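Novice: Pasting in a structure now, in structure tokens, and then I'll have a few things to ask.
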Amino acid sequence: MTDVLLPLLVAVPVLAAVAPLLLSLRTTETGWYVAAVTCAVEATLAAAVVRAVSLDGAVRHVVGGYERPYGIELVADGLSAPVVALVAVVALGVLAFAYTAGPRRNSFYSAYLLLVGGLMGVTVTGDLFNMFVFLEITGLATYALVAADRSGRSAVAALKYLILGTTGASLFLIGVGYAFVETGTLNMVDLADRLAGGYGDRTVLASFGFILVGLGLKTAVFPLHTWQPDAYTYAPDTVTTFISALVSTVAAYAVGRVILTVFTPAFFEAVPAARTAVLVFAAVSILAGSALAAVQSEIKRLLAYSSVSQFGLVVAGFALVTPDAVLGAVIHLVGHGLMKGGLFAAAGVMAARHGARTVGDYARLGYRSPVVAGAVGVLGVVLVGVPPSVGFLGKWYIAVGAVRAGAWPIAVVVFLSTLLTLSYVARLLERLYFAGSTEPTVAAGADADADAGTGAEAGVDVDPDPDPVADGGDRPDSRAPAAVSTGMVAVVVAAAVVAVALGFATAAFETFLGGVLP
Amino acid sequence: MIDLLASRWAYAAFVVLMVVGLYMMIASPNLVKKVIGLNVFQSAVFLFFIAAAYVVGGSPAIVPPDGGGGPYVSPLPHVIVLTAIVVGVSLTAVALALVVRIHDEYGTVDEAVVEEVADD
């Protein structure tokens, strides 16, 4: 049974992605149900994969019976299992958010399922070229989703993302080509064997450089992040929640996979300059991302820049290649996905209920939406890294790993970025709970009834510029208050609870990663 | 240098095409031309794989039943390029669909004008 789990994990969502399109010949708004069933099946499969990995250490599937080095291998090991679990859980959770928040079109759910399939593919593939193909499937679906609200601004953001993302993928492909020319294989394990001994080779160095810059573009590491704030800001709230939690996460996972499995820690020992270069790249990203986030006033943009900083942390963890740092990087990868997904979902709820899209708009919303604001507070504090929480664990292990590896500057950078994170989270919390009550705000309408988590019908808001909704209310970006379902609030609260609960799960992560830690 | 160009001209062409593609994406304000630049950039990658797979006097990797008949060209890079072309075509389709929507909304495909209008 376990040998067909991996292909099913990829094939089920990709095949199911056709169904909403076919259904749209007869019906409308049925895509959500197809996606819900598929994601439930996907979660079951993911649970089975995680269980198999925890029992056997790794699950392999040789596609079509062609053994390596000729065929493609699908592999789930301790590094991919947490990411598989994250993708399955978030895909299901975001659907609960999407039911009310929309979009409801069938074609939206085709792209949604295609994205789930692509993400799973990147996570479980054991072949470098196959990884490129799945990265591009992920990319294609993401570009379509970013533009899903059919507004001009989101189309511009999606096109910018498309051009930069495709350039990144092409650079990755050039790097893969160099490695292929050098070794004649594309299988990751095989590549690791054949690259050993030739690490100083110029082709190998160029290959590493191209692959890392390519994946850096996909991960949105400073200064390759320029597509990301626009894409996150102008995408519909459902889409932002989904892609902020998963797309860059899986690209960062690919960085870890390439460093640990393909080039292996021995490469960094042979070429210390490569490691230093990646660490500098990551450290600049950590600081620049936090600093840029601290000066933003728009909530979604603030959270987007914060992601730039967090992914710098993850890349730094992988590049340190010590057991502590890699453990920290994986914990932070999963933790950041949950935190950012939850925060963007909360931003979506606040926007739908109060029309609040800037830090200023959040004034005193802590009293009008206590449940969601409370969850924002918890997630924000987790993002800063206050124990006990997943945010603390990730940062702690990365910092400890940096100190043990003798890379003191990284530990200092982690500390500085924590201070900067605190500065913008504190600003948000101050607005939520301690803002002057007399201050006029955009959403100072009479919608005190839209409270307590079940406010399915938000009150009438005094809307300064009602956005003409041209295509049937499919634009969550319009400033008019929209419906907020219990499901949407539940997603935010669940993200906050899990983010704290995972703070006690070090042992689980350690068991999983035992086999892959350097 | 001349020697290198004479024997490795396909790789030189790869680098030139790649840089031309990058330059078009950065310098051209026209969104359609940016997409064309992206295509040129991707073609450069295809050329690289094809050039790497080339074997002087090599034949297609169709081995007769009794074996022998080499040297053969490795088919793997060709398969890679075919897949990459399919990926490239679908990306171009999505990109052009986005450009059409941008044109519908702003009435132009000039990046500077679009940004000016979007900021208002």
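The values are calculated or read from the model by the stated rules, or taken from the named source; none is laboratory data. Fair warning: this is a prediction, and the values are worked out from it, not measured in the lab. Here Cβ is always computed from backbone atoms with ideal geometry, including for glycine, and neighbour counts include all displayed protein chains.
Novice: Which of the helices (runs of 4 or more DSSP H) contained wholly in the stretch A:329-435 include at least 2 residues that are closer than 23 Å to A:Tyr232 by Cα and basic (Lys, Arg)? If you could, list the steps in order and put the result at the bottom.
Specialist: On the way: elements: A:365-368, A:370-384, A:390-404, A:408-434.
Output list reads A:408-434.
Novice: Are any residues in the stretch A:203-224 in a loop (DSSP other than H, G, I, E, B) and aromatic (Phe, Trp, Tyr), and if so, which ones?
Specialist: Matches in the stretch A:203-224: A:Phe222 only.
Novice: Give the residues of the stretch A:175-228 that are among the acidic types (Asp, Glu) and touching a Lys or Arg at 6+ places or on another chain (Cβ under 6 Å), sorted by residue number.
Specialist: The one that is among the acidic types (Asp, Glu) and touching a Lys or Arg at 6+ places or on another chain (Cβ under 6 Å): A:Asp190.
Novice: For the stretch A:225-243, does any single residue satisfy the condition of being over 25 Å from A:Leu92 (Cα atoms) and outside any helix (DSSP H, G or I)?
Specialist: Within the stretch A:225-243, one or more residues are over 25 Å from A:Leu92 (Cα atoms) and outside any helix (DSSP H, G or I).
Novice: Identify, by number, the condition in (1) buried (at least 24 other Cβ atoms within 10 Å of the Cβ); (2) of a type in the set (A, V, I, L, M, F, W, C); (3) facing chain B (nearest Cβ under 9 Å); (4) without any contact (Cβ under 8 Å) to a residue 60 or more places away in the chain that A:Phe172 doesn't meet.
Specialist: Condition not satisfied by A:Phe172: (3).
Novice: Can you name the number of the only condition in (1) at pLDDT below 90; (2) out of contact with any His (no Cβ under 8 Å at 6 or more places or on another chain); (3) not aromatic (Phe, Trp, Tyr) that A:His332 fails?
Specialist: Only one criterion is unmet by A:His332, namely (1).
Novice: Within the group B:Leu31, B:Leu38, B:Leu22, which residue is within 11 Å of another protein chain (Cβ to nearest Cβ), in contact with a Phe, Trp or Tyr (Cβ under 8 Å, 6 or more places away or on another chain) and at pLDDT 85 or above?
Specialist: None of the others qualify; the one that does is B:Leu22.
Okay, residues lined up against (1) under 24 Å from A:Leu420 (Cα atoms); (2) among the basic types (Lys, Arg); (3) touching a Gly at 6+ places or on another chain (Cβ under 7 Å):
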{"position": "A:Ala319", "(1), (2), (3)": "yes, no, no"}
{"position": "A:Ala329", "(1), (2), (3)": "yes, no, yes"}
{"position": "A:Gly335", "(1), (2), (3)": "yes, no, yes"}
{"position": "A:Gly342", "(1), (2), (3)": "yes, no, no"}
{"position": "A:Ala345", "(1), (2), (3)": "yes, no, no"}
{"position": "A:Ala351", "(1), (2), (3)": "no, no, no"}
{"position": "A:Arg364", "(1), (2), (3)": "yes, yes, no"}
{"position": "A:Val371", "(1), (2), (3)": "no, no, yes"}
{"position": "A:Val381", "(1), (2), (3)": "yes, no, no"}
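Novice: For the stretch A:135-167, which residues satisfy the criterion of being touching a Phe, Trp or Tyr at 6+ places or on another chain (Cβ under 9 Å) and farther than 23 Å from B:Asp110 by Cα?
Specialist: Correct list: A:Leu135, A:Gly139, A:Ala141, A:Thr142, A:Leu145.
Novice: Is one or more of the residues making up the stretch A:147-159 more than 10 Å from every other protein chain (Cβ to nearest Cβ) and not aromatic (Phe, Trp, Tyr)?
Specialist: Filtering the stretch A:147-159 down to residues more than 10 Å from every other protein chain (Cβ to nearest Cβ) leaves A:148-149.
Next, only the ones that are not aromatic (Phe, Trp, Tyr) stay: A:148-149.
Yes; the residues of the stretch A:147-159 include at least one that is more than 10 Å from every other protein chain (Cβ to nearest Cβ) and not aromatic (Phe, Trp, Tyr).
Novice: Being in a helix (DSSP H, G or I) and over 13 Å from A:Leu9 (Cα atoms) is the filter here; which residues of the stretch A:48-62 pass it?
Specialist: Those that are in a helix (DSSP H, G or I) and over 13 Å from A:Leu9 (Cα atoms): A:Arg51, A:Ala52, A:Val53, A:Ser54, A:Leu55, A:Asp56.
Novice: Separate question: Here is a check on your reading of the model: is A:Leu5 within 21 Å of A:Thr261 (Cα to Cα) and either surrounded by fewer than 18 Cβ atoms within 10 Å (Cβ to Cβ) or among the aliphatic types (A, V, I, L, M) (or both)?
Specialist: no
Here's the yes/no breakdown for (1) under 17 Å from B:Asn30 (Cβ atoms); (2) surrounded by 15 or more Cβ atoms within 10 Å (Cβ to Cβ):
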residue	(1), (2)
B:His78	no, yes
B:Thr92	yes, yes
B:Val99	yes, yes
B:His103	yes, yes
B:Tyr106	yes, yes
B:Val109	yes, yes
B:Glu115	yes, no
B:Ala118	yes, yes
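Novice: I would also like to ask the following. Can you go through A:Thr44, A:Thr38 and tell me which one is within 20 Å of A:Gly121 (Cβ to Cβ), without any contact (Cβ under 8 Å) to a residue 12 or more places away in the chain and in a helix (DSSP H, G or I)?
Specialist: Of the residues listed, the single one that is within 20 Å of A:Gly121 (Cβ to Cβ), without any contact (Cβ under 8 Å) to a residue 12 or more places away in the chain and in a helix (DSSP H, G or I) is A:Thr44.
Novice: Could you tell me whether A:Phe222 is modelled with pLDDT of 90 or more, of a type in the set (Phe, Trp, Tyr) and within 20 Å of the chain's Cα centre (by Cα)?
Specialist: no
Novice: Out of (1) surrounded by fewer than 16 Cβ atoms within 10 Å (Cβ to Cβ); (2) under 22 Å from the mean Cα position of the chain (by Cα); (3) more than 10 Å from chain A (Cβ to nearest Cβ), what's the single condition that is false for B:Leu47?
Specialist: Looking at each condition in turn, B:Leu47 falls short on (1).
Novice: Separate question: Pairs needed: first member in the stretch A:186-205, within 14 Å of chain B (Cβ to nearest Cβ); second member anywhere, of a type in the set (D, E, K, R) and part of a helix (DSSP H, G or I); C-beta distance under 8 Å; at least 6 residues apart or different chains.
Specialist: A:Thr203/A:Glu182
Novice: Okay, next question. What are the residues in the stretch A:113-166 that are out of contact with any Lys or Arg (no Cβ under 9 Å at 6 or more places or on another chain) and among the acidic types (Asp, Glu), if any?
Specialist: Of everything in the stretch A:113-166, just one residue is out of contact with any Lys or Arg (no Cβ under 9 Å at 6 or more places or on another chain) and among the acidic types (Asp, Glu), namely A:Glu136.
Novice: Being in contact with a Phe, Trp or Tyr (Cβ under 7 Å, 6 or more places away or on another chain), among the hydrophobic types (A, V, I, L, M, F, W, C) and under 20 Å from A:Val239 (Cβ atoms) is the filter here, so list the residues in the stretch A:108-134 that pass it. Lay out the reasoning, then the answer.
Specialist: Filtering the stretch A:108-134 for residues in contact with a Phe, Trp or Tyr (Cβ under 7 Å, 6 or more places away or on another chain) gives A:109, A:118, A:121-123, A:125, A:132.
Next, from what is left, pick out any that are among the hydrophobic types (A, V, I, L, M, F, W, C): A:122, A:132.
Within the stretch A:108-134, just A:Val122 meets the criteria.
Novice: Looking only at the stretch A:404-439, count every residue that is of a type in the set (Val, Ile, Thr), more than 16 Å from A:Ser306 (Cα to Cα) and surrounded by 18 or more Cβ atoms within 10 Å (Cβ to Cβ) and tell me the total.
Specialist: Qualifying residue count, the stretch A:404-439: 1.
Novice: Test A:Ala206 against the criterion of being over 17 Å from the mean Cα position of the chain (by Cα), modelled with pLDDT under 90 and more than 24 Å from A:Thr418 (Cα to Cα), and give yes or no.
Specialist: Against the criterion (over 17 Å from the mean Cα position of the chain (by Cα), modelled with pLDDT under 90 and more than 24 Å from A:Thr418 (Cα to Cα)), A:Ala206 does not qualify.
Novice: Testing A:Thr166 on (1) within 24 Å of A:Arg150 (Cα to Cα); (2) within 10 Å of chain B (Cβ to nearest Cβ); (3) outside any helix (DSSP H, G or I), one condition comes back false. Which one is that?
Specialist: The single condition A:Thr166 does not satisfy is (3).
Novice: So which residues in the stretch A:100-157 are assigned to a helix (DSSP H, G or I) and over 20 Å from the mean Cα position of the chain (by Cα)?
Specialist: Selection gives A:Thr100, A:Asn106, A:Ser107, A:Leu128, A:Phe129, A:Asn130, A:Gly152, A:Arg153, A:Ala155, A:Val156.
Novice: Then there is this: For the stretch B:86-106, does any single residue satisfy the condition of being outside any helix (DSSP H, G or I) and among the hydroxyl-bearing types (Ser, Thr, Tyr)?
Specialist: For the stretch B:86-106, residues outside any helix (DSSP H, G or I) and among the hydroxyl-bearing types (Ser, Thr, Tyr): absent.
Novice: Does the stretch A:149-184 hold any residues that are modelled with pLDDT under 85 and over 30 Å from A:Trp227 (Cβ atoms), and which are they? It would help to see each step written out before you state the result.
Specialist: In the first step, residues of the stretch A:149-184 are kept if they are modelled with pLDDT under 85; the result is A:149-152, A:184.
Listed by number, the list holds a single entry, A:Gly184.
Novice: Still on this structure: Restricting to the stretch A:484-518, count the residues that are among the β-branched types (Val, Ile, Thr) and not in a helix (DSSP H, G or I).
Specialist: Total satisfying the criteria: 2.
Novice: Also: Counting only residues that are touching a residue at least 40 places away in the same chain (Cβ under 8 Å) and in a helix (DSSP H, G or I), which one in the stretch B:51-84 is farthest from the other protein chains (Cβ to nearest Cβ)?
Specialist: B:Ala51
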